[in-house]
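Every read-out reported here was derived from the displayed coordinates using simple, explicitly stated rules and does not represent laboratory data. As the structure is a prediction and not an experimental result, all values here were calculated from the model. Quick reminder, even Gly has a Cβ in these numbers, built from the backbone with ideal geometry, and neighbours come from all protein chains shown.
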Amino acid sequence: MRIEAKPYEYSLDLGSAALLIIDMQRDFLEPGGFGEMLGNDVSQLRRTIEPNKALLKAWRAVGALVIHTREGHRPDLTDLPPAKKIRGRSPTTIGDPGPMGRILVRGEAGHDIISELCPAAGEPIIDKPGKGAFFATDLHAILQNRGVQQLVVTGVTTEVCVNTTVREANDRGYDCMVVSDCCGSYFPEFHEMGLKMIAAQGGIFGWVAPSAAIIEALAGINMMKGAAE
Ligand code: C5J
């Protein structure tokens with residue numbers, strides 16, 4: 001499947017591809033969550049919800065693998081580096097009571113994936129303590145066991161967890177395509193630059209394409225499936 005992308009066409013092979021949705025969690029996206037409490041404009045992230053929903057629906061329709069991630073820590077915070085806890089010098093930090101339960105702690109309401117993108121039964125959820133989804137998780141093992149070589153990556157935030165994960169994936173040999181309108185940052189200029197950094201220098205970390213290009217290609221597959229049935 002050919003997808004129009006930057007810096008050049010991406011050849012998507014659904015049999016060895018996974019859709020990787022990064023950290024679409026209530027604390028980052030919902031009004032009243034931790035992100036907004038820190039003074040961020042959550043509408044910058046919320047604009048990614050509808051495109052993600054549409055891509056997820058199209059991806060599920062062709063039966064390809066979907067993986068979700070969540071950033072967060074054990075309730076006893078034993079996996080929270082002190083440096084991560086204190087950096088930012090906010091009066092409220094990870095593990096403290098926040099507007100949706102303890103901030104970025106597993107099992108708390110704010111740590112959940114937003115209802116619009118709720119994982120379906122059988123879709124792996126990776127709980128990650130870091131920014132990158134490969135650090136201290138079994139993501140690489142799951143991908144290897146499923147024969148995945150290509151990652152179509154969406155989520156938040158573009159310059160932090162999406163970029164970090166794509167760089168980690170690139171070093172492990174995966175071909176990543178980042179979906180431009182399905183990623184977002186509280187800072188639009190970081191989003192733009194985050195995407196540019198992926199596709200720069202002939203695709204130094206991967207490719208970038210809008211969801212419409214992928215959904216169009218997936219629709220073609222469904223039409224072919226329908227005609228064969
Ligand atoms: C993510 C963050 N998910 N910005 N986390 O990007 O702290």
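The table that follows gives values for the structure above.
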read-out	value
Region 42-81: C-alpha gyration tensor shape, a/c 1.5 cut-off, then a/b vs b/c	oblate
Cα-based shape type of region 111-176, given that a ≥ b ≥ c are square roots of the gyration tensor eigenvalues and the cut on a/c is 1.5	oblate
Interchain or long-range residues, amide H under 5 Å from VAL66's placed H	LEU19
Residue of GLY33, GLY184, GLY155 that the Gaussian network model of the chain assigns the largest fluctuation, springs spanning Cα pairs under 10 Å	GLY33
HN-Hα J in Hz across region 104-114 - Karplus 6.51, -1.76, 1.60, θ = phi - 60°, x for Gly and Pro	6, 10, 4, x, 7, 4, x, 7, 5, 6, 4
Relative contact order of the chain, defined on C-alpha pairs under 8 angstrom at six or more residues apart (%)	27
Residue-by-residue Karplus 3J(HN,Hα) for region 142-158, coefficients 6.51, -1.76, 1.60, Hz, glycine and proline x	4, 5, 5, 5, 9, x, 7, 10, 10, 10, 9, 10, 9, x, 9, 9, 3
Cut-off 10 Å between beta-carbons: net charge of the residues surrounding PHE187, Lys and Arg +1, Asp and Glu -1	-4
Global size of region 99-229 as Cα Rg and Dmax, reported in angstrom	16.3, 51
Alpha carbon convex hull of the chain, volume per residue in cubic angstrom	121
DSSP H segments from the chain that extend 15 Å or more along their own axis, Cα-based, with Kyte-Doolittle mean of 1.0 or above	211-228
For region 88-103, Karplus couplings with θ = phi - 60° (6.51, -1.76, 1.60), whole Hz, Gly/Pro x	x, 6, 7, x, 10, 10, 3, x, 7, x, x, x, 10, x, 5, 5
Shape call, region 1-86: gyration tensor on alpha carbons, a/c limit 1.5	prolate
Overall dimensions of region 64-169 by Cα: Rg and Dmax, Å	14.4, 45
Local electrostatic count at GLU108 - Lys and Arg +1, Asp and Glu -1, tallied over other residues with Cβ under 10 Å	+1
Dipole axis of region 159-229 (+1 Lys, Arg; -1 Asp, Glu on Cβ), positive-most option in THR164, PHE187, CYS176	CYS176
